[in-house]
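Just below is one structure, and these are the notes that go with it.
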Amino acid sequence: MSGQSGSSTRLRATGKRRRKPSRRRRTMGIAAWTAAGVVVIGGAGLGYAYVKLNDNLKAVDINAALGKNRPVDVDNGSQDILVLGSDSRSGANSAYGVDEGSARSDTAMVVHVNKGHKTASVVSIPRDTLVTRPDCTSDTTGETVAGQRRAMFNTAYEVGGPACAVKTVESMSGIRMDHYVEVDFTGFKKLIDQLGGVKITTTQAIDDSKSHLRLQPGTHTLDGEQSLGLVRTRKSVGDGSDLGRIQLQQAFIKALMEQAKSVGVFSNPKTLFDLADTATKAVTTDSDLGSVKNLTGFATGLKGLGSKNVTMVTMPVQYDPADPNRVIPLEESAQQVWTALKHDKPIPASATEKSAGDKGEAGKVVQ
């Protein structure tokens, strides 16, 4: 969604956010990130609410952890955000598997918001991608963890936490991440429930023993538990791989964005506060976003984005010839993707033509 051990309590991620007012302002988001930013706006002016929401937020100082040896911070008005979903099974997440004393990045997306903040590109990174992981500092012991060739991408978070995940993405892409957002299983589930569920249409039955999701073809309003099941489903759709699961996640995010903009939370102060309270508890951010004021300002800058303005792809990969359960980057094609983001350009269609990640039938299961 193997490596060495890490902390069992970590930050949250996957992000989604909402916007303050007039009529049906479009929002861009990715899970908790969208709702967090959006909802916070309504509560930010209330003294008690402001303090309480501020106390909810958890932040990590990525800049201090990584120092100056990073890609150039290009100041052209665009923004790059690493959004992670944590698969920790500790605490409230224990219902989703055995706690093995560590967490990994179950879902990873690089969100590039273009200059002008009218369009965005989202690049999903398969968790099973074999990459060259750089040296990192353990976020639990403070010791250096040696880099590794052919390491699964999600082990970066496992051995070094958010900072190592950011460092690995920056090493792969050559792009400096401006921000970091994370959400875990429980936070994601609560956020969906607070939004009133997400409406989707399935084109075929889903019966997945691992995610415990069972749906007949048709239109459904998924609650938090069902939504979590959908974004974790892979065995019963497409080729049963993580690549198929990513396609489901991308379709769900589009639906979530539409749901977020349609919920009339701003007409009800209590509903607004409850959603803000849930969202700010659900996410962990980098320290630059780690306050209601900063998160609100960040969300305000994205108010013009809607699901139709967002292009979603999977980092170009192929199945590893040595291990069909793993994938490896298609270097030339992947470089086309990163170059497009670096220069604030649309991702060319040719970049994903040969990728296993954008093939298959899983992407047609949810509409």
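Listed here are the strands (runs of 3 or more DSSP E) enclosed by segment 188-293 that have at least 3 residues being crowded, with 24+ Cβ neighbours inside 10 Å and in contact with a strand residue (DSSP E or B) (Cβ under 7 Å, 6 or more places away or on another chain): 283-286. Do you know which residues across segment 295-335 are more than 17 Å from the chain's Cα centre (by Cα), of a type in the set (A, V, I, L, M) and surrounded by 15 or more Cβ atoms within 10 Å (Cβ to Cβ)? Correct list: 317, 327, 328, 330, 334.
When we screen 36, 59, 65 for residues that are modelled with pLDDT of 65 or more, in a helix (DSSP H, G or I) and more than 17 Å from residue 310 (Cβ to Cβ), the only hit is 65.
Can residue 297 be described as touching a Lys or Arg at 6+ places or on another chain (Cβ under 7 Å) and either part of a loop (DSSP other than H, G, I, E, B) or within 30 Å of residue 49 (Cβ to Cβ) (or both)? Let's see the steps before the verdict.
On the way: touching a Lys or Arg at 6+ places or on another chain (Cβ under 7 Å): no; either part of a loop (DSSP other than H, G, I, E, B) or within 30 Å of residue 49 (Cβ to Cβ) (or both): yes.
Taking the combined requirement at face value, the residue does not satisfy it.
For segment 341-357, state whether one or more residues are more than 17 Å from residue 117 (Cα to Cα), assigned to a loop (DSSP other than H, G, I, E, B) and hydroxyl-bearing (Ser, Thr, Tyr). Yes, segment 341-357 contains at least one residue that is more than 17 Å from residue 117 (Cα to Cα), assigned to a loop (DSSP other than H, G, I, E, B) and hydroxyl-bearing (Ser, Thr, Tyr). Here the condition is being of a type in the set (A, V, I, L, M) and assigned to a strand (DSSP E or B); of 166, 183, it holds for 183 alone. Please go through segment 336-357 and give me each residue that is open to solvent by 60 Å² or more (accessible area, probe 1.4 Å) and within 17 Å of residue 239 (Cβ to Cβ), ordered by number. Listed by number, the list holds a single entry, 354.
The values are calculated or read from the model by the stated rules, or taken from the named source; none is laboratory data. Remember, predicted model here, so these are calculated numbers, not experimental data. Virtual Cβ from ideal backbone geometry, glycine too; neighbours counted across all protein chains shown. Side chains are part of the model used for accessible areas, which takes the heavy atoms of the whole protein and leaves out ligands, DNA and RNA. Shrake-Rupley method; radii C 1.70, N 1.55, O 1.52, S 1.80 Å.
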